[in-house]
Amino acid sequence: MIELLFDSFSQPARPGMRSSGMSIRQMLYRVDSYQIDLQLEAHPERNLLVVTGQLLDVSQPEVAARSVQVTLSDGKESAVNTMTNEFGEFRGEVKNSGDLDLSFLVRGGKPFVIFLRSALGIQPSSH
């Protein structure tokens, strides 16, 4: 079961900040013994969504979740494969359709997928 522990979009906007059109979102998920720390950032000039994250196995905090295959997809035709580094970190860019699917293929376990519809709460530009 995938559990959302934190979502910056669920926090009230700071005084003086506009809530619509936010281009960065931070989230923290828990799946079994894994925690996934995510940052999503829109780059409208290139119609891209940049995803930066870290995968940690909280049952073995001294062992990083390295060499885990991560697939980023726009929920349509664009998909990018990447791997976690020695610290469990990953980064990728995918076409910004407004949606995002993140798939993790961990060793010795079954894959899990996080679906984010309207990932940044805004519609992408149509160039």
* With the checklist (1) over 15 Å from ALA119 (Cα atoms); (2) modelled with pLDDT under 95; (3) in a strand (DSSP E or B) in hand, flag the one item THR71 doesn't pass. => (2)
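Going by the structure shown, is VAL80 touching a Leu at 6+ places or on another chain (Cβ under 9 Å) and buried (at least 18 other Cβ atoms within 10 Å of the Cβ)? Write out each step before concluding.
On the way: touching a Leu at 6+ places or on another chain (Cβ under 9 Å): yes; buried (at least 18 other Cβ atoms within 10 Å of the Cβ): no.
So VAL80 fails the test.
Among the residues of the range 47-69 satisfying the criterion of being more than 16 Å from GLY98 (Cβ to Cβ) and within 10 Å of the chain's Cα centre (by Cα), which is surrounded by the fewest Cβ atoms within 10 Å (Cβ to Cβ)? Talk me through it step by step, then tell me what you get.
As a first pass, look at the range 47-69 and keep what is more than 16 Å from GLY98 (Cβ to Cβ): 52-69.
From the residues that got through so far, the ones that are within 10 Å of the chain's Cα centre (by Cα) too are 52-54.
Values: THR52: 15, GLY53: 24, GLN54: 19.
Here the residue is THR52.
Here's the yes/no breakdown for (1) among the charged types (D, E, K, R); (2) touching a strand residue (DSSP E or B) at 6+ places or on another chain (Cβ under 8 Å); (3) touching a residue at least 60 places away in the same chain (Cβ under 8 Å):
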residue	(1), (2), (3)
ARG25	yes, yes, yes
ARG30	yes, yes, no
ILE36	no, yes, yes
VAL50	no, yes, no
LEU55	no, yes, no
GLU62	yes, no, no
ALA65	no, yes, no
SER73	no, yes, no
* Structure fact -> Of the residues in the range 1-46, those that are surrounded by 15 or more Cβ atoms within 10 Å (Cβ to Cβ), among the aliphatic types (A, V, I, L, M) and either in a strand (DSSP E or B) or modelled with pLDDT of 85 or more (or both) come to MET27, LEU28, VAL31, ILE36, LEU38, LEU40, ALA42
* **Candidate set: the range 99-122, residues that are closer than 21 Å to ILE24 by Cβ and over 13 Å from the mean Cα position of the chain (by Cα); chosen: the one surrounded by the fewest Cβ atoms within 10 Å (Cβ to Cβ)** => GLY121
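What do you reckon, is GLY92 loosely packed, with under 15 Cβ neighbours inside 10 Å and in contact (Cβ under 8 Å) with a residue 40 or more places away in the chain? Break it down stepwise before answering.
Values: loosely packed, with under 15 Cβ neighbours inside 10 Å: no; in contact (Cβ under 8 Å) with a residue 40 or more places away in the chain: yes.
Taking the combined requirement at face value, the residue does not satisfy it.
The values are calculated or read from the model by the stated rules, or taken from the named source; none is laboratory data. Given the structure is predicted, the values throughout are model-derived calculations rather than measurements. So basically every Cβ, Gly included, is an ideal-geometry build from the backbone, and we count neighbours across all protein chains shown.
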